[in-house]
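Report on the structure given below.
The values are calculated or read from the model by the stated rules, or taken from the named source; none is laboratory data. Bear in mind that the values here come from a model prediction, so they are computed numbers and not experimental data. With ideal geometry, Cβ positions are generated from the backbone for all residues, glycine too; neighbour counts draw on all protein chains shown.
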Amino acid sequence: MSALTTMTLSERAVDFIADDELMLCLSLGPADPGRVREIIAKALTRTALSVDETAELVRADSPALIQEIFAAARSLKEAVYGNRIVLFAPLYVGNHCVNDCAYCAFRRSNDQTVRRTLSSKEVRRQVEALENVGHKRLILVFGEHPRYDAACIARTVREVYSVRAGHGEIRRVNINAAPLDHEGYRLVKAAGIGTYQIFQETYHHETYRRMHPPSTRKGNYLYRLDGLSRAFEAGCDDVGIGALFGLYDWRFETLALVAHALHLQERYGVGPHTISFPRVRPAVGTRLDSRWSVSDERFQRVIAILRLAVPYTGLILTARETAKVRREALRMGVSQIDAGSRIEIGGYTEVGNAQAIEREQFTLGDVRRLDEVMQELLSDGYVPSFCTACYRLGRTGEHFMEVAVPGHVKRFCSPNALLTLMEYLVDYASPATRATGEKRIAEELARLPEGKARQNIATRLDRIRGSGDRDFYF
């Protein structure tokens with residue numbers, strides 16, 4: 001069994017989450033409508049907001065102001081990302097864990113969870129199953145345990161990239177795993193990972209202490225908070241942050257996510273590529289504290305406020321939520337979702353339609369097949385995308401910020417989205433989804449200005465339709 005990573009901090013490691021200051025921002029009384037509108041106007045210029053400005057939006061409780069925030073978020077989403085929605089799938093590799101998080105079915109003291117780690121052969125079977133329905137982007141999920149050290153993660157990443165099923169291939173592997181030391185990040189970076197994602201779970205210090213016993217590795221708040229700083233120092237310039245909503249006050253967690261994004265941007269010149277904000281879901285052997293549950297309306301506010309506060313970053317909405325909630329939330333600024341997801345260990349080949357809760361970290365709200373999600377997205381006017389061009393062309397880190405901060409993401413990503421959509425339609429879609437998708441592509445092409453760029457896209461779309469040519473990108 002390999003040793004766990006050492007708990008070395010980054011240079012100038014600092015706990016930048018000041019609970020008292022964030023709570024003070026939230027205690028100033030109702031927001032001033034004029035100030036709220038000024039902040040909305042600033043956000044619409046694609047300028048990141050400060051924590052104080054974000055707090056003003058959080059404190060805006062009147063129905064009229066909330067609707068103005070929603071409208072601005074929808075407008076900003078369209079301006080920066082267009083109607084493109086990136087799709088991915090999670091692949092749970094192992095659920096052994098040395099931690100004892102109160103809300104998680106994988107915690108070490110939970111004897112109701114079936115423990116398992118996928119073998120190399122089993123990983124390949126899972127990836128083949130995902131490729132056979134059309135997935136191109138995965139996020140690998142690991143418990144925190146000695147067997148899932150950096151070498152194991154890197155080895156699994158390389159295994160995933162090596163799998164080919166027909167026209168299928170995984171073009172980008174992202175990671176959701178425990179924080180690493182500097183050498184660990186270098187190892188996984190060399191394996192070709194995309195985004196390294198770490199959830200702080202809750203940024204509130206006292207709640208973090210209660211949820212994560214101090215006798216466990218995850219009980220070290222600063223080591224986890226500092227995890228992505230070490231990633232940057234080790235050369236991983238593409239990172240994701242997240243909080244689990246429902247452990248503490250949603251308003252506090254929203255401000256803390258913005259504070260984390262600002263810290264990374266100020267210190268490293270690069271903010272998070274993605275922000276995740278899942279709500280706590282039921283899980284086997286766990287009990288939830290309903291005091292901090294987040295209603296659907298407040299959840300929509302979280303999404304809209306994050307879109308305005310951090311306009312350049314991708315917002316991820318997972319299949320924890322129901323199909324109905326996800327459909328509504330897409331309008332508020334979400335740019336990435338998972339689809340066709342199974343989170344049981346071995347779930348893509350070994351279980352049927354029903355969830356095997358004893359093998360899951362939590363229950364899912366949306367277990368529709370990928371093709372069903374594609375059909376709905378297309379019918380609702382979106383362009384589903386499996387694009388990985390930014391990673392493969394080096395548009396990460398500072399280069400990504402140069403594109404994303406001014407709001408140029410749409411210019412690069414929309415053509416690539418059409419090309420990956422056509423691949424899906426030709427290789428995997430049901431007849432109904434293909435018909436809807438072909439119509440969507442024709443409409444999107446017609447919106448582009450006539451010229452060489454439009455002709456290049458049309459030519460490549462025809463090559464995908466008529467031959468075995470694949471993997472075009474700009």
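Of the residues making up segment 288-301, those that are hydroxyl-bearing (Ser, Thr, Tyr) and part of a loop (DSSP other than H, G, I, E, B) are SER293, SER295.
Select from segment 13-43 the residues that are of a type in the set (A, V, I, L, M, F, W, C) and not in a helix (DSSP H, G or I) and write down the one among them that is surrounded by the most Cβ atoms within 10 Å (Cβ to Cβ). So, considering only residues that are of a type in the set (A, V, I, L, M, F, W, C) and not in a helix (DSSP H, G or I), the one surrounded by the most Cβ atoms within 10 Å (Cβ to Cβ) is ILE17. Out of VAL114, VAL98, VAL93, one residue alone is surrounded by fewer than 18 Cβ atoms within 10 Å (Cβ to Cβ), modelled with pLDDT of 95 or more and under 27 Å from GLY219 (Cα atoms). It is VAL98. Scanning segment 234-260 for residues that are surrounded by 23 or more Cβ atoms within 10 Å (Cβ to Cβ) and of a type in the set (A, V, I, L, M) yields VAL239, ILE241, ALA243, LEU244, LEU247, LEU255, ALA256, LEU257, VAL258.
Taken together, the residues in segment 57-114 that are in a loop (DSSP other than H, G, I, E, B) and hydrophobic (A, V, I, L, M, F, W, C) amount to 9. Number of residues in segment 59-111 that are within 30 Å of LEU44 (Cα to Cα), in contact with a Gly (Cβ under 9 Å, 6 or more places away or on another chain) and among the basic types (Lys, Arg): the value is 3. So for segment 54-74 (the condition being over 22 Å from VAL294 (Cβ atoms) and not hydrophobic (A, V, I, L, M, F, W, C)), does at least one residue qualify? Taking every residue of segment 54-74 in turn, none turns out to be over 22 Å from VAL294 (Cβ atoms) and not hydrophobic (A, V, I, L, M, F, W, C). Checking ARG172, ARG147, ARG107 one by one, the residue that is assigned by TED's automatic domain parsing to the domain that holds ILE275 and under 30 Å from ASP371 (Cα atoms) is ARG172 and no other.
Let's see how each residue does on (1) touching a His at 6+ places or on another chain (Cβ under 6 Å); (2) in a helix (DSSP H, G or I); (3) among the β-branched types (Val, Ile, Thr):
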{"position": "HIS263", "(1), (2), (3)": "no, yes, no"}
{"position": "ARG267", "(1), (2), (3)": "no, yes, no"}
{"position": "ILE275", "(1), (2), (3)": "no, no, yes"}
{"position": "THR286", "(1), (2), (3)": "no, no, yes"}
{"position": "ILE303", "(1), (2), (3)": "no, yes, yes"}
{"position": "TYR312", "(1), (2), (3)": "no, no, no"}
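Could you tell me which residue of segment 314-351 is nearest to SER385 (Cα to Cα), considering only residues that are outside any loop (DSSP other than H, G, I, E, B) and among the polar types (S, T, N, Q)? Ranking the candidates gives GLN336 first.
Of all residues in segment 38-64, none that is farther than 22 Å from HIS260 by Cβ has its Cβ atom under 7 Å from the Cβ atom of a residue that is assigned to a loop (DSSP other than H, G, I, E, B) and of a type in the set (Val, Ile, Thr), 6 or more apart or on another chain. When ALA309, ALA319, ALA356, ALA339 are checked against the criterion of being of a type outside the set (S, T, N, Q) and surrounded by fewer than 23 Cβ atoms within 10 Å (Cβ to Cβ), a single residue qualifies: ALA356.
Of the candidates GLY285, GLY246, the single residue that is of a type outside the set (Val, Ile, Thr) and at pLDDT below 95 is GLY285. Note on segment 62-79: among residues that are closer than 14 Å to ARG331 by Cα and of a type in the set (S, T, N, Q), the one that is nearest to the chain's Cα centre (by Cα) is SER75. Against the test of being outside the structural domain of ASP249 (by TED's automatic domain parsing), under 30 Å from SER414 (Cα atoms) and surrounded by 13 or more Cβ atoms within 10 Å (Cβ to Cβ), the options ARG59, ARG46 yield a single qualifying residue, ARG46. Note on segment 454-474: residues that are over 30 Å from the mean Cα position of the chain (by Cα) and among the aliphatic types (A, V, I, L, M) total 1.
For segment 51-80, what are the residues that are of a type in the set (D, E, K, R) and in contact with a Lys or Arg (Cβ under 9 Å, 6 or more places away or on another chain)? Hits for segment 51-80 are GLU53, GLU56, ARG59, GLU68, ARG74, LYS77, GLU78.
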